[in-house]
Amino acid sequence: MKFIGWCAVIISFGYVIVTKTGAFEYITNYFGIDTMGRNDVYKYIEKYYQISLGFMGYGFEYTTVILQKIMVDNPNAHIGVVALHNNILTIYIELGFLGFWAWMIYTWVFQVNWMINHWGEKTGMLFFLCEMYIFITYTTDNTLYYFFTSLVLRLMPLAYAFHIPTTQDIKLWPWVKEKK
């Protein structure tokens, strides 16, 4: 699972590169995929970030500020959106190079392995599949901050884990003392 997790981290960063270089637009145009204006939005914001170890990011929700600034500075831009519709790119722009890698490694490697170590391989695999599903939606939508989607995808592996019989003494709240 660690290998697959690291592959997911690298693929996510590759997606940022593909978007930045214009290869995403080329691929979608080649296959006749209607991105509903997303390619135009990606072109508008490409000057605000670079693929570099020194790119520090702008902070949470700054992509919204960028898009609002574009609409104010250029009313004829006709982008008509105030969200990037690409959460992976949004995380890169907002957290920067190192923040992006830290978030991806935490999500794909640390969390999955924590699930496997504490709840077993099947629970870890279910968590991984839920993450894969949500990350696919991250590529073309703003689902990162959808409360109910995130909640359900986090609760499914935990609900599954709680129904697995175990001999391991699992304390969810280690600060709570047992009654004698």
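Scanning for something modelled with pLDDT of 85 or more, touching a helix residue (DSSP H, G or I) at 6+ places or on another chain (Cβ under 9 Å), within 29 Å of Gly37 (Cα to Cα) and not in a helix (DSSP H, G or I), does segment 147-169 turn up at least one residue?
No - not one qualifying residue is present in segment 147-169.
Among the residues of segment 48-56, are any assigned to a loop (DSSP other than H, G, I, E, B), among the small types (Gly, Ala, Ser) and out of contact with any Ser or Thr (no Cβ under 8 Å at 6 or more places or on another chain)?
Checking segment 48-56: at least one residue is assigned to a loop (DSSP other than H, G, I, E, B), among the small types (Gly, Ala, Ser) and out of contact with any Ser or Thr (no Cβ under 8 Å at 6 or more places or on another chain).
On the basis of being polar (S, T, N, Q) and in contact with a helix residue (DSSP H, G or I) (Cβ under 9 Å, 6 or more places away or on another chain), does Asn86 make the cut?
yes
Can you find, within segment 18-52, the residue that is farthest from Thr139 (Cα to Cα) among those that are of a type in the set (Gly, Ala, Ser) and at pLDDT 90 or above?
Ser52
Step by step: first the residues of segment 63-72, then only those that are hydrophobic (A, V, I, L, M, F, W, C) and under 21 Å from Phe97 (Cα atoms), then the one that is surrounded by the fewest Cβ atoms within 10 Å (Cβ to Cβ). Which residue is that?
This residue is Val65.
Among the numbered criteria (1) at positive phi; (2) touching a residue at least 12 places away in the same chain (Cβ under 8 Å); (3) out of contact with any Phe, Trp or Tyr (no Cβ under 8 Å at 6 or more places or on another chain), which single criterion is violated by Gly32?
With respect to (1) at positive phi; (2) touching a residue at least 12 places away in the same chain (Cβ under 8 Å); (3) out of contact with any Phe, Trp or Tyr (no Cβ under 8 Å at 6 or more places or on another chain), Gly32 is out only on (2).
Looking only at residues that are of a type in the set (Phe, Trp, Tyr), part of a helix (DSSP H, G or I) and more than 17 Å from the chain's Cα centre (by Cα) in segment 7-41, which one is surrounded by the most Cβ atoms within 10 Å (Cβ to Cβ)?
It comes out as Phe24.
Could you tell me which numbered condition Phe60 fails, if it satisfies all but one of (1) touching a residue at least 12 places away in the same chain (Cβ under 8 Å); (2) surrounded by 15 or more Cβ atoms within 10 Å (Cβ to Cβ); (3) not polar (S, T, N, Q)?
With (1) touching a residue at least 12 places away in the same chain (Cβ under 8 Å); (2) surrounded by 15 or more Cβ atoms within 10 Å (Cβ to Cβ); (3) not polar (S, T, N, Q) applied to Phe60, the lone miss is (2).
Please specify each residue of segment 78-116 satisfying the condition of being assigned to a helix (DSSP H, G or I), among the small types (Gly, Ala, Ser) and either surrounded by 15 or more Cβ atoms within 10 Å (Cβ to Cβ) or in contact with a Phe, Trp or Tyr (Cβ under 7 Å, 6 or more places away or on another chain) (or both).
Taking segment 78-116 first, the residues assigned to a helix (DSSP H, G or I) are 87-116.
Among the residues that remain, those that are also among the small types (Gly, Ala, Ser) are: 96, 99, 102.
Within segment 78-116, Gly96, Gly99 qualify.
The values are calculated or read from the model by the stated rules, or taken from the named source; none is laboratory data. Treat the numbers as computed from the prediction; the structure is a model and nothing was measured. Glycine gets a Cβ as well: all are built from the backbone with ideal geometry, and neighbour counts include every protein chain shown.
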